[in-house]
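The values are calculated or read from the model by the stated rules, or taken from the named source; none is laboratory data. Bear in mind the structure is a predicted one, so any value in this text is a computation, not a measurement. All Cβ positions, glycine included, derive from the backbone under ideal geometry; neighbour counts span all protein chains shown. Side chains are part of the model used for accessible areas, which takes the heavy atoms of the whole protein and leaves out ligands, DNA and RNA. Shrake-Rupley method; radii C 1.70, N 1.55, O 1.52, S 1.80 Å.
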Amino acid sequence: MPLRRLTLAAVAALAPALFAAPAVAAPMPLPLPYEHGDHLTVTVTDSGSLDGTYELYCHPTGGTHPRAKKACAQLDEQTRWGKDTFAPVSPDAMCTMIYGGDQKARVTGTWAGRPVDAKFNRTNGCEIARWNRFSELLGDPRSTPKG
């Protein structure tokens with residue numbers, strides 16, 4: 001019996017320490033900027049309007065892209081669960097043979113938790129349509145002609 005009393009006394013003595021809240025709780029560290037958001041590096045050439053390399057952050061919005069807010073909104077509208085937002089044109093696609101210009105772009109980074117490494121051009125009707133779906137991200141070559 002003395003051992004049982006000793007055990008009960010020890011548990012009773014430790015109970016307040018086990019359930020007591022600490023006097024001062026340590027604050028949670030702040031997340032680093034853009035730590036959990038989407039990040040893309042966009043390089044556009046020969047467009048005449050948005051040429052250069054830009055960083056785009058979404059969720060929260062930021063970076064050096066001149067249309068960051070609109071580009072993030074456009075990407076959000078196109079994002080579907082289980083689909084690659086930046087998927088290339090299917091090799092089996094029947095495309096009109098319309099040349100849209102010398103514009104080229106490359107987008108790398110992470111979007112919706114997936115790695116991105118996409119190339120864009122305007123060499124046929126399908127590629128032009130794909131570029132136009134990303135007009136806020138890549139620029140609209142129709143809006144500012146070269147020259």
Considering 123, 64, which residue is open to solvent by 60 Å² or more (accessible area, probe 1.4 Å) and closer than 14 Å to residue 44 by Cβ? 64
What is the residue count in segment 110-120 for residues that are open to solvent by 30 Å² or more (accessible area, probe 1.4 Å) and of a type in the set (Gly, Ala, Ser)? 2
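Here's the yes/no breakdown for (1) open to solvent by less than 80 Å² (accessible area, probe 1.4 Å); (2) part of a loop (DSSP other than H, G, I, E, B):
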| residue | (1), (2) |
| --- | --- |
| 56 | yes, no |
| 81 | no, yes |
| 85 | yes, yes |
| 94 | no, yes |
Mind checking whether some residue in segment 33-54 is open to solvent by 80 Å² or more (accessible area, probe 1.4 Å) and at pLDDT 95 or above? yes
Please work out if residue 5 is assigned to a helix (DSSP H, G or I), modelled with pLDDT under 95, surrounded by fewer than 16 Cβ atoms within 10 Å (Cβ to Cβ) and of a type in the set (Lys, Arg). yes
For segment 35-54, give me the residue count where each residue is in contact (Cβ under 8 Å) with a residue 40 or more places away in the chain, in a strand (DSSP E or B) and more than 14 Å from the chain's Cα centre (by Cα). 3
